[in-house]
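Comments concern the structure below.
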């Protein structure tokens, strides 16, 4: 599949790879350069492959509350929050951003690889007074990220970017939320598919540099933002993944709540930790074995060479007893073990 | 893309410079451009022996690890230690300071199985 920006990526020198069935740019000028651009200036990512669901009707907030972990009823109009959709075992089906557009209307932005599965799951649980529409094909989307994204916002929309994170704005036929997946200031902009190319061009003209999935991955991993399918899975709960903040146990019920309560009472057996290699090593990659006292206890779920830190970084589900910051472990690369430590999240923090 | 005339080439994008019974091996400019930012290199240890086509080294970009094959059989007599500190030499000077290892040729006749500059150029569409 291709996003409306496929030709724009080729024109910008994008190197195209397969991502969950989508032909997406992994890089343009180079991952290191694009990473640095987002940390120091501003980059723009095509996120048109992500899914957009519209949920409306008098019962829609309560219905979302029964399917998602965060509290949609308590979300104010014009705001957005991160939430998770779980199976009955408390495992993660998907993580998503929920926008409240109106008292009785929400926009859900879900992972590209999960659009069909999420839509099927939600439609099969539809309730009275709720309308669900999967309009993923109708929209393009851009993520503008970096310390200079405010300037770009002003050039694009003739107004200043809200300072507050997770603010939702409706501009024209599009939707904007001040959020992102890089740890930098910025916004995500969803627009009708027919406006994607002009929006992309205007964003480049405003000073953002095209950035691909490669930099998106190193940026988010430095922040320890999980990637569904790698760090999140139907076999791991948000409590194990360290996402308990986004689970509202005060809600009367939601799918997965019972399983989470059981897990919470006993304490999760494993925790998703951030790992930092403390000696010179090759880049860490997903599925590298992790050793504790010489015994393999896990494998990395994500890994990279951190462009900002200049060392190997990773995440892995370690036994809870070995999940405290400072815990020493080893990561094996091609038969050789490299010393690493559990690190407080995020792995990267900007100087204040 | 630069394809020097004095080298021979493997289909897997290594080059070899032969001087007497010694071959110096690296990756081509085309290969480094395909691999993009190289952030790690592991040249082989001196004294190791390889057959033509064996994996002799690994280079890694941010996104992927790539095996480097020895174009000929023989024993490693030198490795480029500078690559460990500055793997980007593979990008900036692939035919010069970015060399990976030197190998004592076990069988110089193997060189005839490698590509001359013209056929390598054809392979990469130059």
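The values are calculated or read from the model by the stated rules, or taken from the named source; none is laboratory data. Worth saying up front: this structure is predicted, and the values here are computed from it rather than measured. Every residue, glycine among them, receives a Cβ derived from its backbone with ideal geometry; neighbour counts consider all protein chains shown.
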Quiz item: With respect to the numbered conditions (1) at pLDDT 95 or above; (2) surrounded by fewer than 20 Cβ atoms within 10 Å (Cβ to Cβ); (3) part of a loop (DSSP other than H, G, I, E, B), which one is the sole condition not fulfilled by residue B:99?
Solution: (2)
Quiz prompt | segment A:28-60, residues that are within 14 Å of chain B (Cβ to nearest Cβ), at positive phi and at pLDDT 95 or above | solution = none
Self-check item: Candidates A:10, A:68, A:5, filtered to the one that is away from chain B (no Cβ under 14 Å), out of contact with any helix residue (DSSP H, G or I) (no Cβ under 7 Å at 6 or more places or on another chain) and surrounded by 24 or more Cβ atoms within 10 Å (Cβ to Cβ)
Solution: A:68
Practice problem: Report yes if some residue within segment A:149-170 is surrounded by 22 or more Cβ atoms within 10 Å (Cβ to Cβ), closer than 20 Å to residue A:100 by Cβ, at pLDDT 95 or above and touching a helix residue (DSSP H, G or I) at 6+ places or on another chain (Cβ under 9 Å); otherwise report no. | Solution: no
Quiz item: Could you say whether any residue in segment A:17-25 is crowded, with 21+ Cβ neighbours inside 10 Å, within 14 Å of another protein chain (Cβ to nearest Cβ) and within 18 Å of the chain's Cα centre (by Cα)?
Solution: yes
Quiz item: Pairs, please: C-beta under 6 Å, at least 6 apart or cross-chain, first residue free of Cβ contacts under 8 Å to residues at least 60 places away in the same chain and in segment B:96-121, second assigned to a loop (DSSP other than H, G, I, E, B) and surrounded by 13 or more Cβ atoms within 10 Å (Cβ to Cβ)?
Solution: B:106/B:73; B:107/B:73; B:110/B:52; B:110/B:72
Quiz item: Mind checking which residues of segment A:312-350 are out of contact with any strand residue (DSSP E or B) (no Cβ under 9 Å at 6 or more places or on another chain) and over 21 Å from residue B:58 (Cα atoms)?
Solution: A:321, A:349, A:350
Exercise. Give the residue, chosen from A:258, A:279, A:330, that is surrounded by fewer than 22 Cβ atoms within 10 Å (Cβ to Cβ) and within 14 Å of another protein chain (Cβ to nearest Cβ).
Key: A:279
Quiz prompt | Residue count for segment B:28-60, restricted to those that are out of contact with any strand residue (DSSP E or B) (no Cβ under 6 Å at 6 or more places or on another chain) and either buried (at least 21 other Cβ atoms within 10 Å of the Cβ) or closer than 25 Å to residue A:307 by Cα (or both) | solution = 6
Quiz prompt | Condition met for residue B:46 (within 23 Å of residue A:34 (Cβ to Cβ) and either more than 14 Å from chain A (Cβ to nearest Cβ) or in contact with a helix residue (DSSP H, G or I) (Cβ under 8 Å, 6 or more places away or on another chain) (or both)) | solution = no
Quiz item: surrounded by fewer than 13 Cβ atoms within 10 Å (Cβ to Cβ), modelled with pLDDT of 95 or more and on the phi < 0 side of the Ramachandran plot - does that describe any residue in segment A:303-315?
Solution: no
Quiz item: On the given criteria, is residue A:183 away from every other protein chain (no Cβ under 14 Å) and under 20 Å from the mean Cα position of the chain (by Cα)?
Solution: yes
